[in-house]
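A.B. asks: Here it is, the structure, as structure tokens.
No lab work stands behind these numbers, since they all come straight from the coordinates. Since we're looking at a predicted model, the values are computed, not measured. Cβ coordinates were reconstructed from backbone atoms using ideal geometry, including for glycine residues, and neighbour counts include every protein chain displayed.
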Amino acid sequence: MPIKKVVIPAAGLGTRVLPATKVVPKEMLPVADKPAIQYVVEEAAASGITDITFITSRNKRAVEDHFDDQPELRAALAAKGDEGKLSKITEPSTLARFNYVRQQEPLGLGHAVLMARSVIGNEAFGVLLGDDLIVHPPRPGLGQLIDVHQRTGASVIAVMRVPREDTARYGVVTVDADEQLDARTFRVRDTVEKPSPDEAPSDLAIIGRYIFTPRIFDLLEKVEPGAGGEIQLTDAIRELSRQEPLYAYEFEGMRYDIGDPVGLLTTSIAFALEREDLSPQVKAYLRTLDLE
Ligand code: UTP
């Protein structure tokens, strides 16, 4: 069955980008002139997704409002005959059907995904993290995972190769060389959270795109709270790899992480440089900088 539903967890505290995230959700911070989460929703829509469930919380009203209609602003722009700006504000609400589920306390990414169980039901679904952006792919990031799911019927997680010295920042997969489907698709045997370079079983790091069979919900129900009392998605993924086939797909494209100040800034510059309307001025500015 084709994947039609995804979950986008957006109920975290975003503490690494304070004070910007004191009242503005991290996922709503702009990358060039668009909130980060809109790129993620566009990727889902371009991958054939029709139903998106956001996991939100008390401080995340802006996410709901962004993907809703704005009648006053729409009327004002229509009265001015400004079709360009009008389409910019109407487009987000047309990208998919949206649901919102509240996570009352930020009890971890695993807990956030579990909140969507009643909306997703008993079918395979995708998860996209609102602070991971993927660009320049031949096919949208999530769509690449959907292709692997169509071939295998199994859960699929996106991975990227990282320098050995960086493995301690990621979840890393142990893969089975005998069961590799092709150059980019690996059978996962285990996962290790934030291993040191010496202990890392591979250089394949897990990033924020996943396709899960509904079994993940049963496993999330059983995960014990870990560091900081949080229910970790990686613990359930680890168990999943032991119970049923799980594939890691080395996705094609570039991944940007807007979850910290440097990532937010560099992602904005990278995205602006790709835009015909913005890049000449941004390049001109960058050339004026005296960078030693
Ligand atoms: P992160 O760990 O990157 O986000 O979670 P965070 O907790 O908001 O960030 P810091 O560490 O405090 O800066 C990855 C994604 O999971 C969501 C976040 O909103 C983010 O998009 N998340 C995390 C939830 O929805 N609920 C949670 O309890 C935790």
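A.B. asks: Does the stretch 1-22 contain at least one residue that is away from the ligand (no atom under 16 Å from the Cβ), more than 13 Å from the chain's Cα centre (by Cα) and part of a helix (DSSP H, G or I)?
C.D. replies: no
Table: residues versus (1) more than 13 Å from Val156 (Cβ to Cβ); (2) in contact (Cβ under 8 Å) with a residue 24 or more places away in the chain; (3) not small (Gly, Ala, Ser).
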site	(1), (2), (3)
Tyr210	no, yes, yes
Glu224	yes, no, yes
Gln232	yes, yes, yes
Asp235	yes, yes, yes
Glu244	no, yes, yes
Ala248	no, yes, no
Pro261	yes, yes, yes
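A.B. asks: Let me ask another. Pairs only if they're at least six apart or on different chains, beta carbon under 6 angstrom, first in the stretch 44-67 and without any contact (Cβ under 8 Å) to a residue 40 or more places away in the chain and over 11 Å from Val7 (Cα atoms), second within 13 Å of the ligand (Cβ to nearest atom) and assigned to a helix (DSSP H, G or I); list them, first residue then second.
C.D. replies: Between residues of the stretch 44-67 that are without any contact (Cβ under 8 Å) to a residue 40 or more places away in the chain and over 11 Å from Val7 (Cα atoms) and residues that are within 13 Å of the ligand (Cβ to nearest atom) and assigned to a helix (DSSP H, G or I), the close pairs are Ala62/Met28.
A.B. asks: More than 15 Å from the ligand (Cβ to nearest atom) and touching a residue at least 40 places away in the same chain (Cβ under 8 Å): is that true of Glu252 in this structure?
C.D. replies: Spelling it out, Glu252 is indeed more than 15 Å from the ligand (Cβ to nearest atom) and touching a residue at least 40 places away in the same chain (Cβ under 8 Å).
A.B. asks: So, in the stretch 23-48, of the ones that are within 23 Å of His111 (Cα to Cα) and over 14 Å from the mean Cα position of the chain (by Cα), which residue ends up farthest from the ligand (Cβ to nearest atom)?
C.D. replies: Val23
A.B. asks: Where the second residue is among the basic types (Lys, Arg) and exposed (fewer than 13 other Cβ atoms within 10 Å of the Cβ) and the first is over 19 Å from Val127 (Cα atoms) and lies in the stretch 151-175, which pairs have Cβ atoms under 8 Å and are six or more apart or on separate chains?
C.D. replies: Qualifying pairs under 8 Å: Val162/Arg169.
Per-residue answers, yes or no, for (1) of a type outside the set (Ser, Thr, Tyr); (2) within 21 Å of Asp51 (Cβ to Cβ); (3) surrounded by 14 or more Cβ atoms within 10 Å (Cβ to Cβ):
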position	(1), (2), (3)
Gly143	yes, yes, yes
Arg169	yes, no, no
Thr174	no, no, yes
Asp178	yes, no, no
Val188	yes, no, yes
Glu199	yes, no, no
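A.B. asks: Still on this structure: Need pairs with beta-carbon distance below 9 Å; first residue in contact (Cβ under 8 Å) with a residue 60 or more places away in the chain and over 14 Å from Gly130 (Cβ atoms) and within the stretch 106-120, second part of a helix (DSSP H, G or I) and of a type in the set (D, E, K, R); sequence gap 6+ or separate chains.
C.D. replies: Listed by first residue and then by second, the contacts come to Gly110/Asp235; Leu114/Glu221; Arg117/Glu221.
A.B. asks: For the stretch 162-190, how many residues are among the charged types (D, E, K, R) and in a loop (DSSP other than H, G, I, E, B)?
C.D. replies: 1
A.B. asks: Give the number of residues within the stretch 270-290 that are among the β-branched types (Val, Ile, Thr) and loosely packed, with under 15 Cβ neighbours inside 10 Å.
C.D. replies: Of the residues in that region, 1 qualify.
A.B. asks: So, one more: So, restricting to helices (runs of 4 or more DSSP H) that lie completely within the stretch 24-111, which ones have at least 1 residues that are within 20 Å of Leu13 (Cβ to Cβ)?
C.D. replies: The qualifying helices (runs of 4 or more DSSP H) are 36-46, 61-66.
A.B. asks: Out of all the residues in the stretch 204-223, is one or more under 20 Å from the mean Cα position of the chain (by Cα), farther than 20 Å from Ile8 by Cβ and away from the ligand (no atom under 15 Å from the Cβ)?
C.D. replies: Yes, some residue in the stretch 204-223 is under 20 Å from the mean Cα position of the chain (by Cα), farther than 20 Å from Ile8 by Cβ and away from the ligand (no atom under 15 Å from the Cβ).
A.B. asks: Let me ask something additional. Give the number of residues within the stretch 97-133 that are at positive phi and in contact with a helix residue (DSSP H, G or I) (Cβ under 9 Å, 6 or more places away or on another chain).
C.D. replies: 1
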